[in-house]
There are 2 protein chains.
Amino acid sequence: MFENRERTELSDLGEFGLIEHLTKTFSNVNASSLLGVGDDAAVIDNGGDEYVLLSTDAMFEGVHFDLSFHPLKHLGYKAVSTAVSDIYAMNGQAKQILVAIALSNRFSLEAVEELYLGIKIACEKFSVDLVGGDTTASPKGLSIAVTALGTVAKNKLVRRSGAGENDLLVVSGDLGAAYMGLQILEREKKVFLEHPGAQPDLQGHEYIIGRQLRPEARLDVVKILDELGIVPSCMIDISDGLASEVHHLGIHSGCGFDIYDEKLPMDPQVISTAMDFDLNPTVVALNGGEDYELLFTVAQEHYEKIKNHPDFTIIGHATSEKNQFRLIGKSGAAFEIQAQGWQHFKG
Amino acid sequence: MFENRERTELSDLGEFGLIEHLTKTFSNVNASSLLGVGDDAAVIDNGGDEYVLLSTDAMFEGVHFDLSFHPLKHLGYKAVSTAVSDIYAMNGQAKQILVAIALSNRFSLEAVEELYLGIKIACEKFSVDLVGGDTTASPKGLSIAVTALGTVAKNKLVRRSGAGENDLLVVSGDLGAAYMGLQILEREKKVFLEHPGAQPDLQGHEYIIGRQLRPEARLDVVKILDELGIVPSCMIDISDGLASEVHHLGIHSGCGFDIYDEKLPMDPQVISTAMDFDLNPTVVALNGGEDYELLFTVAQEHYEKIKNHPDFTIIGHATSEKNQFRLIGKSGAAFEIQAQGWQHFKG
C-alpha cells in the first residue's frame, strides 16, 4: 500500500518523538480537556473541586515481559501498579481501572486466573475498583493494557511543569533495582536454556528481583506529601529511568537540573550486582528504568521536612540553565546526563 | 509453570463467560464506582449532576482486521468510532479518548501517520479530544486500543437493564451490512491471492464495504432522542450482532423479547449480497455484528414519536417471559433466537 512512498523508520523518532509527531496536528474542542498528551495522565475538568485523571499503559509479551521468568500473578500486579503510578505522579488518587487483555489460545483458563489474581491483589493494595475492560484473542502471546482513572483536588494537581529555580529535586525509595533484577533473571534464563534442569541461582538477589517482577506504585508517597503539607512543584514517575524523567521535568518546566552522584539512593544489592555485571552503579541508577518511584521538586522552604525523611532523598536541584542536565561527581566535575529511555523500535 | 495442573480451554467459556468468571470475585471499595463490568461503559459518580463514563476496546491485526484490505486511515477511524459507540450506548456524550498503539517495525512512519489521520478525522467527527495514550513495539503486527471517556446527565443515563414489559424494541439504521461487506472483501482477497494482479470487484457493494471499513457511531441518535424528549429504558450498541445484544438486554432487564422478522431493517445491498452468498438475510441481520447501531427500548407512550422516524425501526417488544428471545415470522411462527456473538477463542 505504501510501496511507492517515502519510508521513514519508526526507530528514527523513538517513542517520545513519535507520539509528539503523531499528535501535534490534533487540537482540543472540549473545554473539559485541560491537559492532554505530554504528562503522566490526562487531566479532565468536569466541574466541581476535583479533576479527573486518566492514563493507559500496555505491556506486550516479548517486549515488556518474558513469561519464562515472570509469574502471571506478579505480571497482573505489575500491570496495575504501573498504571496507577501514573495517577500518583499527578499527586492524585487512583479509583478505577479497566483491564484489556489479549491472549492466544496457548493460555489456559487457569493461567488467566493467575493473572487476574494478581490484578485483584493489586486492586486491594491500591484501593482501586476493576470496572470494565475487554478480553480478546491475540494473534501471538499475551498483552495487557490497564487504563487508570483517578481524581485530584484542583489545588493539589502536580504536573511535569512547574519546577522553579533552586527547587529541591527529590526521589522516593531507591533506584536501579528493577533493572538489575532483570539482569539476574535474564542471566539465569540463559543458564537454564544452556543447561536444562539447572536450578536458578537467585539467592541474595531477592530484593532486586522483586522490584522487577512486582513493583510497588508509591501511593504512600502521595499520602505522606499530603500529611507533610507539601504540594510538589512538579512530579513524574520513574518508568524509563531517572535520566529520561529528569529531561521530561526540565523540558516541561523550562529549567535544568544538577544531580549529585553521591546522593543517588541505591540498595546494596544494586551496587554489588552492578559490579558483578561490570556495570557502573551510577549509570544503572540513571538509566535503569521501571523503578516506579516518584521524582519531584519542592520549594526550598520544605527542606527541613524532607531532608531526613526515610522515604525521600534529595538528589539535586533545579537550575535556571534551560535543558542543561548535569551529574556532579564527588570531585565537583560535571557530566551531561543523556536521556536514554526505552527504545522499543530499535532494530 | 502450569504443566501439572488442570487445564481448561478458554474456548469452553467464550468471551462473555470468561470476563464474568474472571471478575466475579472482585468487589468495589470506592463509592464512586457506580457500575462496573457488565455494561457498555463503566459509570463513575464523582459528584455533581453528571456521571463519568469509561470504556475501552482493543483491536488486533489478524483477529479484528486484515490490513490487506483495511486501509490504515479507515482503521484509525473505526477504532475511535467503536470506542465512542460504547459511550453513546449509555446515552452519553464522548469527550476524550486515549489511544494505545503497538506495532512491529514492519510499519513505517508514513503508515502510522495514515492511522493517526483516520483517528484525527474521527476525533473531529465525534467532537472528542485525544488526550493521551501509549505507543510501543509489538512482537507481531498492529494493535490499537482506544479508551473513551464521556459524561451523561444523571437523569439521562441508560443501562442495559431497565426494559419493562411491552416496551418497544427499536434499532437505528440498518443491520447486517458490515458483515456482508466483510464477505465481499474476503472474497476479493481470495481472488487476488489466486490471481495476483486481478482488480477487486467492489462495484455495487460500496455501501456494505463502507459499513465494514468505516462504521459510524450513532452520536446523532443520542441527540435525536434528546430532542424527542425520550430517555430509552435500556440501550446497547450492536457490536456482536442483534441476537447477542438482545440477549444482553433481556438478561440484564429480566425480560424476554419478541422480534418480527419482516421488521428487520436491511439495505437492499445486504439482501442481494446475502442471496449471492447463499445466506439467509435474516440470519445475517441477526448475527452479522459490527453494525454499531444503537438498540434500545422505549415505553409505549413514545410510539408516535418513533414509528415514522427515518432513523429508527421498531422491530419488536419486551415480554414478561424472562430470557425468552423469539423471532416471529410472517406466518406467526416463532423461532428461538440463539446468541452467537464473536467466538474469538474458538479453534
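Points worth noting:
- Checked against (1) in contact with a Gly (Cβ under 9 Å, 6 or more places away or on another chain); (2) acidic (Asp, Glu); (3) modelled with pLDDT under 95, A:Glu110 meets all criteria but (1).
- Pair list, Cβ < 9 Å and 6+ apart or interchain, from region A:51-74 residues that are on the phi > 0 side of the Ramachandran plot to residues that are buried (at least 23 other Cβ atoms within 10 Å of the Cβ) and among the polar types (S, T, N, Q): A:Gly62/B:Ser138
- Qualifying residue in region B:198-214 (condition: in contact with a Phe, Trp or Tyr (Cβ under 8 Å, 6 or more places away or on another chain), surrounded by 14 or more Cβ atoms within 10 Å (Cβ to Cβ), modelled with pLDDT under 90 and not β-branched (Val, Ile, Thr)): yes
- Some residue of region B:173-191 being in contact with a strand residue (DSSP E or B) (Cβ under 9 Å, 6 or more places away or on another chain) and surrounded by fewer than 24 Cβ atoms within 10 Å (Cβ to Cβ): yes
- Checked against the criterion of being closer than 25 Å to A:Gly17 by Cα, among the hydrophobic types (A, V, I, L, M, F, W, C), crowded, with 20+ Cβ neighbours inside 10 Å and not assigned by TED's automatic domain parsing to the domain that holds B:Gly241, the candidates B:Ala58, B:Ala83, B:Ala89 yield just one match: B:Ala58.
- Index of the failed condition, B:Val152 passing every other in (1) of a type in the set (A, V, I, L, M, F, W, C); (2) in contact with a helix residue (DSSP H, G or I) (Cβ under 6 Å, 6 or more places away or on another chain); (3) assigned to a strand (DSSP E or B): (2)
- For A:Gly254: the one exception among (1) buried (at least 22 other Cβ atoms within 10 Å of the Cβ); (2) over 23 Å from A:Gly332 (Cα atoms); (3) at pLDDT 95 or above: (1)
- Subset of region B:144-164 [within 7 Å of another protein chain (Cβ to nearest Cβ) and of a type in the set (S, T, N, Q)]: B:Thr147, B:Thr151
- Criterion (buried (at least 23 other Cβ atoms within 10 Å of the Cβ), assigned to a strand (DSSP E or B) and assigned by TED's automatic domain parsing to the domain that holds B:Thr151) met by exactly one of B:Tyr77, B:Tyr51: B:Tyr51
- Taking each residue of region B:18-35 that is loosely packed, with under 13 Cβ neighbours inside 10 Å and outside any strand (DSSP E or B) and looking for partners that are among the aromatic types (Phe, Trp, Tyr) and modelled with pLDDT of 90 or more with beta-carbon atoms closer than 8 Å, six or more apart or interchain, yields nothing.
- In the set B:Asn91, B:Asn46, only one residue is under 21 Å from B:Ala122 (Cβ atoms) and polar (S, T, N, Q); that residue is B:Asn91.
- When region A:115-125 is filtered for residues that are within 20 Å of the chain's Cα centre (by Cα), more than 7 Å from chain B (Cβ to nearest Cβ) and surrounded by 24 or more Cβ atoms within 10 Å (Cβ to Cβ), the ones remaining, listed by number, are A:Ile119, A:Ala122.
- Applying the set (1) farther than 24 Å from A:Val43 by Cα; (2) at pLDDT 95 or above; (3) out of contact with any Phe, Trp or Tyr (no Cβ under 8 Å at 6 or more places or on another chain) to B:Val128 leaves exactly one unmet item: (1).
- Looking only at region B:265-290, and only at residues there that are of a type in the set (S, T, N, Q) and more than 13 Å from B:Gly181 (Cα to Cα), the one that is surrounded by the fewest Cβ atoms within 10 Å (Cβ to Cβ): B:Asn280
- Residue match in region A:323-332 (condition: of a type in the set (Gly, Ala, Ser) and closer than 28 Å to A:Val63 by Cβ): no
- The test for being more than 8 Å from chain B (Cβ to nearest Cβ) and within 20 Å of A:Ser143 (Cα to Cα) holds for A:Phe69.
- Of the residues making up region B:43-59, those that are over 16 Å from the mean Cα position of the chain (by Cα) and under 20 Å from B:Leu98 (Cβ atoms) are B:Val43, B:Ile44, B:Asn46, B:Glu50, B:Tyr51, B:Val52, B:Leu53.
- Looking only at residues of region B:21-58 that are touching a Leu at 6+ places or on another chain (Cβ under 7 Å), of a type outside the set (Ser, Thr, Tyr) and farther than 23 Å from B:Lys154 by Cβ, we find that the one that is nearest to the other protein chains (Cβ to nearest Cβ) is B:Phe26.
- Of all residue pairs spaced 6 or more apart or on separate chains, those with beta-carbon atoms under 8 Å, a first member in region A:123-137 that is aromatic (Phe, Trp, Tyr) and a second member that is in a strand (DSSP E or B) are A:Phe126/A:Ala94.
- One residue from A:Gln269, A:Gln324, A:Gln300 being among the polar types (S, T, N, Q) and either within 21 Å of A:Glu216 (Cβ to Cβ) or free of Cβ contacts under 8 Å to residues at least 40 places away in the same chain (or both): A:Gln269
- B:Lys330 vs. criteria of a type in the set (Lys, Arg) and in contact with a strand residue (DSSP E or B) (Cβ under 6 Å, 6 or more places away or on another chain): no
- Between A:Val112, A:Val99, the distinction of being over 21 Å from the mean Cα position of the chain (by Cα), within 9 Å of another protein chain (Cβ to nearest Cβ) and outside any loop (DSSP other than H, G, I, E, B) belongs to A:Val112 only.
The values are calculated or read from the model by the stated rules, or taken from the named source; none is laboratory data. None of these values were measured; they are calculated from a predicted model. Every residue, glycine among them, receives a Cβ derived from its backbone with ideal geometry; neighbour counts consider all protein chains shown.
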